[in-house]
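Bear in mind that the values in this text are calculations on the coordinates, not laboratory data. Predicted model, so just to flag it, every value in this text is computed and none were measured. Cβ placement follows ideal geometry from the backbone for every residue including glycine, while neighbour counts extend to all protein chains displayed.
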Amino acid sequence: MNIKEYFSSLIEGTHSLIKGMEVTGKELFTKKVTEQYPENRAELKIPERFRATLQFIYDDEGYHKCIACKTCERNCPNGTIQITTRMVDLPNGKKKMKLDKYIYDLGSCTFCGLCVSTCPTDAIEFSNDFEQAVFRREALIKQLNYLPEKEKPAPEPKPAAAKPAASADAPKVEPKVKVEESKDVQPNQEQKETE
């Protein structure tokens with residue numbers, strides 16, 4: 001290494017040091033933000049897109065939209081989701097796959113969101129409830145379909161559509177009947193006149 005290279009590397013190193021000290025100096029004088037957790041729980045703002053734990057979406061009547069297709073279980077990269085299903089008989093005599101248990105292991109979840117983004121019925125979502133600390137690992141395994149399964153009422157048969165009554169003002173239309181002419185039958189007098 002000659003003298004020219006030595007001084008150029010010394011100048012470059014000094015420039016890099018000054019740049020780093022500039023960033024550190026700015027942070028020395030910026031206002032500090034300290035969350036007083038858990039005292040500030042009432043005004044704590046969690047971003048909507050924060051992924052904390054997986055949950056089912058239930059409607060007002062207590063039904064969920066999961067059809068037990070197991071798409072989320074197949075797309076989970078580390079086997080966090082385990083779905084067990086059962087076959088049920090429908091009123092029309094067909095069989096259908098029904099969700100029995102939806103088990104979610106929060107301890108092994110990587111919060112990648114593949115299960116939520118690939119769900120065809122939008123039955124699951126991530127909540128932003130981040131307080132999930134427990135003392136036992138078994139407490140992190142949750143059954144998401146925690147509400148008792150309600151049977152949806154069977155669809156009522158549609159009543160037969162009543163034919164609209166003919167109004168008195170409507171003209172009566174005679175149905176057209178195709179008359180086949182036979183060789184051995186002679187046309188009557190009225191038919192001869194019209195021809």
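For this structure, a couple of remarks:
- Using the alpha carbons alone, the radius of gyration of the stretch 53-143 stands to its Kirkwood radius in an Rg to Rh ratio of 1.00.
- Near residue 70: Cβ cut-off under 15 Å, other residues only, Lys/Arg at +1 and Asp/Glu at -1. The net charge is +4.
- In this structure, the residue pairs whose Cα-Cα separation is over 30 Å, taken from 70/94; 31/142; 45/98; 95/142, are 31/142; 45/98.
- Whole-percent pair-distance distribution, where bins are 5 Å wide, for the alpha carbons of the stretch 1-80: 3, 9, 8, 9, 9, 8, 8, 8, 7, 8, 8, 6, 4, 2, 2, 1, 0
- The modelled label-to-label distance between residue 141 and residue 42, using points 7 Å beyond Cα along the C-beta direction, is 4.0 nm.
- Taken along the Cα-to-beta-carbon direction at a fixed 7 Å, the label points for residue 61 and residue 90 span 1.7 nm.
- Applying a DSSP loop filter and a limit of 16 other Cβ atoms within 10 Å to the GluC sites (Glu not before Pro) in the stretch 1-95 leaves 35, 39, 43, 48, 61.
- Were the residues from residue 4 through residue 118 laid out at 0.36 nm apart, the gain over their Cα-Cα distance would be 35.0 nm.
- A simple spin-label model places pseudo-atoms 7 Å from Cα toward Cβ; at residue 70 and residue 129 they are separated by 2.9 nm.
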